[in-house]
Amino acid sequence: MPDPKVLSIVLAGGEGKRLLPLTIDRAKPAVPFGGTYRLIDFVLSNLVNSGLRAIVVLTQYKSHSLDRHISETWRFSSQLGNYIASVPAQQRVGKSWFQGSADAIYQSLNLVYDAKPDVVVVAGADHVYRMDFRQMIEAHMNSGAACTVAAVRQPLALSDQFGVIETDPNDPERIARFVEKPETTEGLPDAPGEFLASMGNYVFDARALVGAVRADAGDQYSKRDMGGDIIPAFVARGEAGVYDFSRNTVPGASERDKDYWRDVGTIDAFYDAHMDLIAPVPLFNLYNMSWPLYTRHTVLPPAKFIHDVDNHPGRAVDSIVAPGVVVSGGYVEGSVVSDAVKIDSLAAVSSSIIMNDVHIGRGARVHKAILDKNVFVPPGETVGIFPELDAERGFTVTESGLTVVAKNQVVDDNPFE
Ligand code: ADQ
């Protein structure tokens, strides 16, 4: 079979309400991750490494920093049909601001007509994983299904966050039932504590996708959602197949991280995924250069760790530290430190995620916290040490006790002054 012509559509319009305050003024796929990346870099790296070079990114909500990141990072020659184009909602047909993800595709159908693909890959933009999409496309072509949904096992308690897939007992590669985010669901026969979740990545025969989103656009009861409306419609017609992510292999993956996939939709999941990066034997290995993860590289000098004038050493252990960071007489442990952060004498940062351009002053202490871009922690101040105080100061404190400080804030020592 000749290689099919593939168009990839990345859905990048999500608001990411559950990631607030990190999504106050950026779309979820633009949220910084892992010191130097943005969430969207994972799916784009996967597509590009899979040899798929015709990619449109559909943006919508607060897309400024996302558009800038894409245009600065993901430029390549449009010759020979290679492109990554970011398409903001405002520029699409019609007057209506689009509703769900299926509407985003409907409003962008001209891009599909222009590209004339045989197959369309539709992928979410908010997940951390490595995946060879070619293998999924091949499985799709061999199965004869009109639509194939990538699936991964998840614990039962998370059924309300995902599309739940039930396969046909007589044909385990067919989807018999698909329910979007049910409160509860049943366990798998071979794993009673788990269910099969949709990863939000799909492969469609191009004609079938066009037909489905056009039909959906005329359905007054539809919510215009890929998971809630389009996939169930394929399932109802017996045309949907499942692709088990655990079959997917990428070069250089270890036994430990080969099936790694995380939806980082909540602050806790976002935090946990960062901790997965810094474990001495990481659950997700950023350093596998056989399947590189691309991101924007700024003109920053290497990270620097120095003794201060009083000879206190500047150190970091069990951490990842981005370029441009200067740790002078401070201590960092179990943390992810992004570009151009400054950590001063006797400051201690532990079990935290520090985003770019943060400054942590002399003797300040930061523990179990996420500090967004450009936060200033004045000398002697704390974040995350006293969660009740943090909540009083207006910072987000999660049930698990993480403190999140939004962009550009100064951590005030006395909010009542
Ligand atoms: P969710 O992620 O909750 O569930 P949704 O909010 O529609 O679904 O987001 C899916 C993707 O589409 C995200 O990448 C988001 O950024 C983007 N998106 C949402 N609305 C958009 C719009 N109007 N324009 C452009 N992009 C938009 C989905 C599936 C579930 C599946 C989970 C896996 O619906 O079945 O289990 O993903 O995380």
(request) Please go through the stretch 174-198 and pick out each residue that is at pLDDT 95 or above and part of a strand (DSSP E or B). (result) Arg174, Ile175, Ala176, Arg177, Phe178, Val179, Glu180, Glu194, Phe195, Leu196, Ala197, Ser198
(request) Would you mind telling me which numbered condition in (1) within 16 Å of the ligand (Cβ to nearest atom); (2) touching a strand residue (DSSP E or B) at 6+ places or on another chain (Cβ under 9 Å) Thr266 fails? (result) (2)
(message) Filter the stretch 129-175 down to the residues that are open to solvent by less than 30 Å² (accessible area, probe 1.4 Å) and either polar (S, T, N, Q) or within 10 Å of the ligand (Cβ to nearest atom) (or both) and list them by number.
(response) Thr148, Val149, Ala150, Ala151, Val152, Gln154, Ser159, Phe162, Gly163, Val164, Ile165
(message) I'm trying to understand the selection: among the residues of the stretch 245-292, which are of a type in the set (A, V, I, L, M), under 26 Å from Leu402 (Cβ atoms) and part of a loop (DSSP other than H, G, I, E, B)?
(response) Val264, Ala279, Val281, Leu283, Leu286
(message) With within 16 Å of the ligand (Cβ to nearest atom), open to solvent by 20 Å² or more (accessible area, probe 1.4 Å) and on the phi < 0 side of the Ramachandran plot as the only criterion, which of Asp118, Asp114, Asp126 stands out?
(response) Asp126
(request) Mind listing just one residue for me: the one in the stretch 341-355 that is hydrophobic (A, V, I, L, M, F, W, C) and touching a Ser or Thr at 6+ places or on another chain (Cβ under 8 Å) and, of those, surrounded by the fewest Cβ atoms within 10 Å (Cβ to Cβ)? (result) Met355
(message) Pairs please, first residue from the stretch 178-207 and farther than 16 Å from Val120 by Cα and near the ligand (Cβ under 9 Å from one of its atoms), second anywhere and open to solvent by 10 Å² or more (accessible area, probe 1.4 Å) and in a helix (DSSP H, G or I), Cβ atoms under 6 Å, 6+ apart in sequence or on different chains.
(response) Phe178/Pro232; Phe178/Val235; Glu180/Gly228; Lys181/Asp160
(message) Where the second residue is of a type in the set (D, E, K, R) and within 16 Å of the ligand (Cβ to nearest atom) and the first is part of a loop (DSSP other than H, G, I, E, B) and lies in the stretch 117-134, which pairs have Cβ atoms under 8 Å and are six or more apart or on separate chains?
(response) Ala125/Lys28; Asp126/Lys28; Asp126/Asp263
(request) Go through the stretch 1-35 and give me each residue that's open to solvent by 10 Å² or more (accessible area, probe 1.4 Å), near the ligand (Cβ under 10 Å from one of its atoms) and farther than 19 Å from Ala369 by Cβ. (result) Leu11, Gly13, Gly14, Glu15, Gly16, Lys17, Lys28
(request) Quick one: count up the residues across the stretch 124-140 that are over 12 Å from the mean Cα position of the chain (by Cα) and not acidic (Asp, Glu). (result) 8
(message) So in the stretch 64-80, with the set limited to residues that are open to solvent by 90 Å² or more (accessible area, probe 1.4 Å) and not in a loop (DSSP other than H, G, I, E, B), which one is modelled with the highest pLDDT?
(response) Arg68
(request) Output the residue which, of all residues in the stretch 229-268 that are open to solvent by less than 50 Å² (accessible area, probe 1.4 Å) and of a type in the set (Val, Ile, Thr), is nearest to Thr396 (Cα to Cα). (result) Ile267
(request) Could you please tell me which pairs satisfy a Cβ distance under 7 Å, a separation of 6+ or placement on different chains, a first residue in the stretch 147-171 that is more than 24 Å from Gly238 (Cα to Cα), and a second residue that is within 14 Å of the ligand (Cβ to nearest atom) and among the polar types (S, T, N, Q)? (result) Leu156/Thr185
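The values are calculated or read from the model by the stated rules, or taken from the named source; none is laboratory data. This structure is a prediction, so every number in the text was calculated from the model and none was measured. Quick reminder, even Gly has a Cβ in these numbers, built from the backbone with ideal geometry, and neighbours come from all protein chains shown. In case anyone asks, the SASA skips ligands and DNA or RNA and just uses the protein heavy atoms, side chains included. Shrake-Rupley method; radii C 1.70, N 1.55, O 1.52, S 1.80 Å.
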